[in-house]
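The values are calculated or read from the model by the stated rules, or taken from the named source; none is laboratory data. The structure presented is a predicted model; accordingly, all values stated were derived computationally and were not measured. Because the Cβ atoms are built from the backbone with ideal geometry, glycine has one as well, and the counts that use them run over all protein chains shown.
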Amino acid sequence: MTVSKPKALVVDLETKPSNDLKSQDIFMVAGFRPDTEETLEERVTKQQPLLTLVRQLDHMSLGASFILGHNILAHDLPILKTYDDSLALLQLPAIDTLKLSPLAFPQNPYHRLVKDYKLIRDSLNSPLADCYSTLELFNDQRNAFKRLNNDRKYELLCYQSLLAPTISAGLGAFFASLTGHKPCLLTR
């Protein structure tokens, strides 16, 4: 298996669930830069207030090419935006491993993040361990897409054209690196 260390910021937030994004209470923040091996995993406390941790996470994004997470588009990024919409990390292209899983592994009945580090069901989540799991899943997805490119290249080109019609976005660059092509333009 190819182990990749992309110039990415892998992010995971632990929150108390709520129906309203604005009232979601972040109680842990984690980030991981595979290329620099910089890590952050902190519980929100009076000594480590949320804004301080979010700014540390944002500082970690400097020099990153994209932001990576599992369900990052529907969960982490919208929540971060409600706290501070001027964050530099919000300007980075985002790749969501949850969105790629059904394409990379269509035989799987579910696509949640497998948390091998949790041996006891009632143990607390480790958002940093989730970041590592997300990167491992991303590498597995990349390898699955490489195999698809070898076996059924047109299927991967179709995914590329439908999901990433430009190379400038995170997914666009990702698919272009796999196919070696710009996305096909779909015209009427």
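Cβ-Cβ contacts under 8 Å between residues 6 or more apart (or on different chains), taken from a first residue in region 146-167 that is under 15 Å from Pro106 (Cβ atoms) to a second residue that is of a type in the set (Ser, Thr, Tyr) and surrounded by 14 or more Cβ atoms within 10 Å (Cβ to Cβ), are listed as Leu156/Thr179. Can you work out which of the residues in region 15-30 that are part of a strand (DSSP E or B) and at pLDDT below 95 is surrounded by the most Cβ atoms within 10 Å (Cβ to Cβ)? Only one residue tops the list, namely Ile26. Among the residues of region 89-98, those that are surrounded by 14 or more Cβ atoms within 10 Å (Cβ to Cβ) and part of a helix (DSSP H, G or I) comprise Leu89, Leu90, Thr97, Leu98.
Quick check: is even one residue across region 124-142 modelled with pLDDT of 80 or more and surrounded by fewer than 14 Cβ atoms within 10 Å (Cβ to Cβ)? The answer is no, given that none of the residues of region 124-142 is modelled with pLDDT of 80 or more and surrounded by fewer than 14 Cβ atoms within 10 Å (Cβ to Cβ). Return the residue satisfying two criteria in turn: it lies in region 163-188 and is modelled with pLDDT of 75 or more and within 17 Å of the chain's Cα centre (by Cα), and of such residues it is surrounded by the most Cβ atoms within 10 Å (Cβ to Cβ). My answer is Phe174. Scanning region 36-78 for residues that are of a type outside the set (A, V, I, L, M, F, W, C), touching a Leu at 6+ places or on another chain (Cβ under 9 Å), closer than 22 Å to Pro17 by Cβ and part of a loop (DSSP other than H, G, I, E, B) yields His70, Asn71.
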